[in-house]
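One structure is given below, encoded as structure tokens.
The values are calculated or read from the model by the stated rules, or taken from the named source; none is laboratory data. Source: prediction; values computed, not measured. Cβ sites come from the backbone with ideal geometry, for glycine too, and all protein chains shown count toward neighbours. What goes into the accessible areas is simple: the full protein's heavy atoms, side chains included, and nothing from ligands, DNA or RNA. Shrake-Rupley method; radii C 1.70, N 1.55, O 1.52, S 1.80 Å.
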Amino acid sequence: MSRADSPFLRACRGQPTERVPVWFMRQAGRSLPEYRAARGEGSILDAVRRPELAAELTMQPVRRYGVDAAILFSDIVVPVAAVGFGVDVVPGRGPVVEAPLRSRADLARLRPLEPEEDVPYVIDTVRALVADLGDVPLIGFAGAPFTVASYLVEGGPSRQYTRTKVLMRAEPALWEALLDALADMALAFLRAQVGAGAAAVQLFDSWAGALSPDDYARTVLPASRKVLEGVADLGVPRIHFGVGTGELLGLMAGAGAEVVGVDWRVPLDEARRRLGPGVAVQGNLDPALCLAPWEVLSAEAQRVLERGGGTGHVFNLGHGVLPETDPDALSRLVELVHATPPAGAPRP
Ligand code: CP3
């Protein structure tokens with residue numbers, strides 16, 4: 001089997017596979033004792049700037065779980081931090097911005113990303129990983145313009161996105177310029193990762209579910225489409241993901257991705273109906289259930305596999321692995337997914 005024939009890449013393209021491929025968002029990280037041991041203290045951004053360490057942290061879940069894809073150890077705020085916007089990631093909290101974006105003058109702090117100069121360490125990490133991973137594909141990723149903008153405008157994690165929504169409506173020209181600048185950065189960042197050997201890309205619009213379909217369609221979708229269409233010529237599968245995006249799935253299908261990631265709120269067969277034909281799905285086990293007894297977790301995983309329909313399904317959680325998760329539960333989950341014949345396939 002070559003990498004191009006790997007179950008993960010085949011499922012992304014909607015081709016039949018012998019088993020449903022599986023990986024987990026946030027598969028690297030605090031749920032793993034070997035992560036806590038290797039990473040040390042300090043900001044995750046320091047770890048990202050050390051290619052040997054970042055490559056090791058990427059490999060840990062691949063070794064432990066035997067997942068079908070690796071995801072680059074990085075963060076959605078790496079590009080904005082690299083151009084000097086003044087962002088850090090606080091453990092247990094998330095990205096925090098020194099001086100949030102409040103006016104047009106603040107846009108000057110978002111100069112274009114030049115990957116070779118600004119994030120050479122990410123390119124080095126990808127190169128090192130591609131050499132080590134063999135047939136396991138590496139997923140590169142970027143934050144989508146809206147989700148990154150929400151951190152820059154709010155100054156940190158948010159529940160209501162009040163300032164972001166007010167800026168979007170009250171200063172539409174500034175909002176459009178902001179999302180366009182972030183789209184260009186995400187695009188340059190993804191192109192650099194694929195150029196260095198990433199086999200697929202995921203665009204994380206984690207918080208887009210906070211928006212109404214109208215606002216999403218008018219003010220956010222064009223910027224995400226710019227990113228996704230801007231990598232189309234590279235020929236790698238594109239995954240587009242957000243949380244709470246049930247009402248947006250039809251719109252997201254039009255943004256230009258081969259795969260749409262879905263959280264646990266919408267069953268995958270219903271998600272397929274909303275997405276329309278020709279789009280693969282990724283998801284969508286509720287990460288909270290990874291903390292439940294195995295009988296509960298395994299039954300739910302079976303339901304996800306059935307409703308995923310087999311072909312064109314990449315098994316994942318509906319959002320990231322929770323830090324309290326027992327890694328052994330994820331090991332059993334990978335075994336179960338791999339041992340279950342794809343739904344709809346002829347039984348041996
Ligand atoms: O296995 C992987 O997925 C590793 C790579 C990865 C990280 N962040 C490393 C990380 C990925 C794909 C991300 C994406 C990311 N970062 C998103 C989109 C995905 C999602 O979960 O919706 C978002 C919104 C961020 C911003 C961010 N960074 C948050 C909200 C946090 C959590 C704060 C916390 O500590 O719980 C971070 C920190 C972060 N990024 C950690 C890791 C492993 C954990 C903390 C650490 O080790 O310091």
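Odds and ends about this structure:
- Being over 23 Å from ALA69 (Cα atoms), among the charged types (D, E, K, R), part of a helix (DSSP H, G or I) and without any contact (Cβ under 8 Å) to a residue 24 or more places away in the chain is a property that does not hold for ARG225.
- None of VAL87, VAL83 is within 16 Å of ARG49 (Cβ to Cβ), out of contact with any Leu (no Cβ under 7 Å at 6 or more places or on another chain), in contact (Cβ under 8 Å) with a residue 60 or more places away in the chain and not small (Gly, Ala, Ser) except VAL87.
- Residue match in region 317-332 (condition: assigned to a strand (DSSP E or B) and surrounded by 15 or more Cβ atoms within 10 Å (Cβ to Cβ)): yes
- All of (1) closer than 22 Å to CYS12 by Cβ; (2) in a loop (DSSP other than H, G, I, E, B); (3) within 16 Å of the ligand (Cβ to nearest atom) hold for SER158 with one exception: (1).
- ALA99 being within 12 Å of the ligand (Cβ to nearest atom), modelled with pLDDT of 95 or more and among the aliphatic types (A, V, I, L, M): no
- Any pair with Cβ under 6 angstrom, 6 or more apart, that starts in region 14-34 at a residue that is under 16 Å from GLU56 (Cβ atoms) and ends at one that is open to solvent by 10 Å² or more (accessible area, probe 1.4 Å) and near the ligand (Cβ under 6 Å from one of its atoms): ALA28/PHE73
- Subset of region 290-316 [under 20 Å from the mean Cα position of the chain (by Cα) and assigned to a helix (DSSP H, G or I)]: CYS290, VAL304, GLY308
- Single unsatisfied condition, PHE85 versus (1) more than 12 Å from the ligand (Cβ to nearest atom); (2) farther than 30 Å from ALA4 by Cα; (3) part of a helix (DSSP H, G or I); (4) open to solvent by less than 40 Å² (accessible area, probe 1.4 Å): (3)
- Restricted to region 41-56, and to residues there that are open to solvent by less than 20 Å² (accessible area, probe 1.4 Å) and of a type in the set (Gly, Ala, Ser), the residue that is farthest from LEU133 (Cα to Cα) is SER43.
- Those residues of region 136-148 which are crowded, with 24+ Cβ neighbours inside 10 Å and away from the ligand (no atom under 12 Å from the Cβ), in sequence order: PRO137, PRO145
- Residue match in region 51-73 (condition: modelled with pLDDT of 95 or more, more than 27 Å from SER331 (Cβ to Cβ) and within 11 Å of the ligand (Cβ to nearest atom)): no
- Residue check for VAL296: modelled with pLDDT of 95 or more and either under 24 Å from VAL201 (Cβ atoms) or within 16 Å of the ligand (Cβ to nearest atom) (or both): no
- Evaluation of LEU113 against (1) open to solvent by 30 Å² or more (accessible area, probe 1.4 Å); (2) closer than 18 Å to ALA186 by Cα; (3) away from the ligand (no atom under 16 Å from the Cβ) (one fails), failing number: (1)
- Within region 155-170, residues that are among the charged types (D, E, K, R) reach partners that are open to solvent by less than 70 Å² (accessible area, probe 1.4 Å) and away from the ligand (no atom under 16 Å from the Cβ) with beta carbons closer than 9 Å, at six or more positions or on different chains, in the pairs LYS165/ASP215; ARG169/TRP175; ARG169/ASP215; ARG169/THR219.
- Members of region 1-38 found to be buried (at least 22 other Cβ atoms within 10 Å of the Cβ), over 28 Å from LEU234 (Cα atoms) and of a type outside the set (Ser, Thr, Tyr), listed by number: LEU32
- When residues of region 235-271 are limited to those that are of a type in the set (D, E, K, R), without any contact (Cβ under 8 Å) to a residue 40 or more places away in the chain and closer than 21 Å to GLN15 by Cα, the one least open to solvent (accessible area, probe 1.4 Å): ARG238
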